[in-house]
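Step one of this worksheet: look at the structure below.
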Amino acid sequence: MELVFPKVLNHLLWIRFQGKLKRWLGGFQSPRRRLITLIGTVLGIIWVSQAVIGILFRKAAEHDSMVRWSAIALTLYVFWQVLKTVTRKPFEPHEWTDAEKEILLAAPISPHQLVSFRLTGLAVGTFVKALFVSIILLPDLPIWPIGFIGLFLGLVFIEIFRVCFELIFMGISPRLRWVCRGSVFVLLLGPIAVVWYRTLIVMNSGATQDLPMSILLFKSILVEMNAIVSSKIGVGVLSVMASFSEAIFTQAFSVAGLLNLLKITLMTGASCALVYRLDQWSRLRAKQQESLAVRKGSLGSIGAFSHASASMARIRVPWRINGMGAVAWRQLVGAYHYRMTLSISLGIPAVLCWCPLFLDSNPEVTLVSVVGGLLFYSFLLLPSALVLDFRRDIDRFDVLKSLPVATIWLAIGQLATPVILATGFQAGVLFVATVFSSIIWSQAILAGVILVGFNLLIFTGENLIFLLSPYRRNQEGLDVFIRTVLTFTGKGIVFAVAVSALLFWATLSVLIVSSLGLSAGWAVALFCAGLLLMIGTVEALLLVGLVRLFDRFDPSEDCPALN
């Protein structure tokens, strides 16, 4: 046991926990931090209390239905991990933080011990997730301790499966990686295409035309999904996670239930042992690939270096615009490197925004539904998907401050890329919706112009919040929970206030035009002009605040510590 997980790593885990606790408590020396923590704690207690009340008074769901749907949910989580692995770069099977890379990977610790350290951290994080989910499912778990153990083992198994798959994916050749990517997309998109095709056939049949279009669409999708899950292939795919699902919802102590619990325990233990073997194989493959690359490039290393330097010298920024273009171009190049992940992150909301096209509604209602969906996803989901601004460059603030670029142009350049990508996403959704429905083109173009203003507000506000309380990506801890509670609560309040202001201004525009005896077209023009003026004013104020916060930001003191 000492060879696999020495006492020094156990001591290191304890010291890291103490360090995180001291760092969190040390943050309360700032009055602003104390106020933010107090507000976040109060809001967190309110949200948690509502959730607890809802759990205690909720009726238990049907047992067979919970077993089935939990197996489907766990299987979809496995598919998501596979899809995330084949689309992201660089490959990070063990997901080391920056501090761990600097300290642990350079320390005299064996690779097996490093894997043990990472698996321990993975188990601790999964324990918290399983505890949280088991509390939510408390009315549905006949025996809570067994349900919690089954849920914990299931989530650990999925995380270990992700590590194993990524180790294999990292160790194979680049050509096999492309084959693997194509196979994964075919396996995932194939069932979706089949469900969509069968749903369209059912909707176009005359047997169910008496149902509303929305109910018919939802019912048809559920029927086709149930047919795929009930088939032999679907049962086979769900069989692995079905064992964990049956353990989670064990109804009584029995020999069969204990044997099933023993089986999933052995499966999880075997997958843990497999991680050590695959890690050793992956490191061996990496050495072989590096040796092959050295042998191929040993004679032409100088030429390769000069060629790389020449290629870098040929890089041209299309529009510099006082330095703003260079900053925006760098973020666009970063977006190109993550094009696969961005395509998936933006593709799913796009499909959901197109759902109103299947409803039997007039053009105005369809346009409002599509634009409403775009505003919802742009407000809540796109900021976390398009992290291509100040939030990405927390470790480069000293470089950004040393650039010979005015702060206002630097801020605009940092905001340009997420705004451009979000606008392109919205324009694509509106274009498809207009082509395949009866939406009027002029109304769609006007909606797109207004959405550009909202994109500026959304990403300027996100960066303003980030500079007020900077953090690192993938950071964990209680302070992250407090920040998340504050952010989502604030977004909900701002969204409600914005909707109320829009309704108020729309009503006021109609009253003003009616009192002047003008036509309805003037009401639309007055509403749009006032809306754009309000958006521009708020955007200017937020941009001024962002510039001032960046000028006052001290990278030596205000940057968050490494994890």
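Sequence-ordered 3J(HN,Hα) estimates for region 419-429 from the Karplus curve with 6.51, -1.76 and 1.60 and θ = phi - 60° stand at 5, 5, 5, 5, 5, x, 4, 5, 5, x, 5 Hz, glycine and proline given as x. In region 332-418, inverting the average of 1/r over every pair of distinct C-alpha atoms gives 15.3 Å as the Kirkwood radius.
With the highest mean first, a sort of the peptides 176-185, 319-328, 234-243 on other beta-carbon atoms found within 10 angstrom per residue produces 319-328, 234-243, 176-185.
Ranked from highest to lowest mean number of other Cβ atoms within 10 Å per residue, what is the order of the peptides 256-262, 521-527, 111-117?
On the way: 256-262: 14.0, 521-527: 16.0, 111-117: 18.4.
Taking the mean over residues of other Cβ atoms within 10 Å, the ranking is 111-117, 521-527, 256-262.
With a ≥ b ≥ c taken as the square roots of the eigenvalues of the C-alpha gyration tensor of region 61-290, please select rounded if a/c is under 1.5 and otherwise prolate if a/b is larger than b/c or oblate if it is not?
Oblate shape, in that a/c is at least 1.5 and b/c is the bigger or equal ratio.
Rounded to whole numbers, the Karplus 3J(HN,Hα) couplings from phi for region 178-184 are 5, 5, 5, 4, x, 5, 5 Hz, using 6.51 cos²θ - 1.76 cosθ + 1.60 with θ = phi - 60°, and x at Gly and Pro.
Set the bar at 28 Å for Cα to Cα. Now go through Lys7/Lys263; Lys129/Lys491; Lys129/Lys287; Lys263/Lys287 and name every pair that lies beyond it. The partial results should precede the final answer.
Details: Lys7/Lys263 30 Å; Lys129/Lys491 25 Å; Lys129/Lys287 36 Å; Lys263/Lys287 36 Å.
Where the Cα-Cα span goes over 28 Å, the pairs concerned are Lys7/Lys263; Lys129/Lys287; Lys263/Lys287.
A Cβ-based charge dipole, computed about the Cα centre of region 68-145 with Lys and Arg at +1 and Asp and Glu at -1, lands at about 260 debye. The portion of the accessible surface of region 322-558 made up by carbon and sulfur, rounded to a whole percent, is 73 (1.4 Å probe; DNA, RNA and ligands excluded).
Taking all protein chains as shown and a probe of 1.4 angstrom, His63 keeps an accessible surface of around 50 Å². Taking every protein chain into account, the 1.4 Å probe leaves Trp409 with about 90 Å² of accessible area, to the nearest ten.
Can you tell me how region 322-558 classifies by the Cα gyration tensor, rounded, prolate or oblate, using a/c under 1.5 as the rounded cut?
Numbers: a/c = 1.93, a/b = 1.58, b/c = 1.22.
Prolate, because a/c is 1.5 or more and a/b exceeds b/c.
Judged by the mean number of other Cβ atoms found within 10 Å, the most tightly packed of the peptides 459-469, 545-555 leads the ranking 459-469, 545-555.
The values are calculated or read from the model by the stated rules, or taken from the named source; none is laboratory data. Being a predicted model, the structure only gives us computed values, none of them experimental. As a convention, Cβ positions derive from the backbone with ideal geometry for all residues, glycine included, and neighbour counts pool all protein chains shown. Note: areas computed on protein heavy atoms with side chains; ligands, DNA, RNA excluded. Shrake-Rupley method; radii C 1.70, N 1.55, O 1.52, S 1.80 Å.
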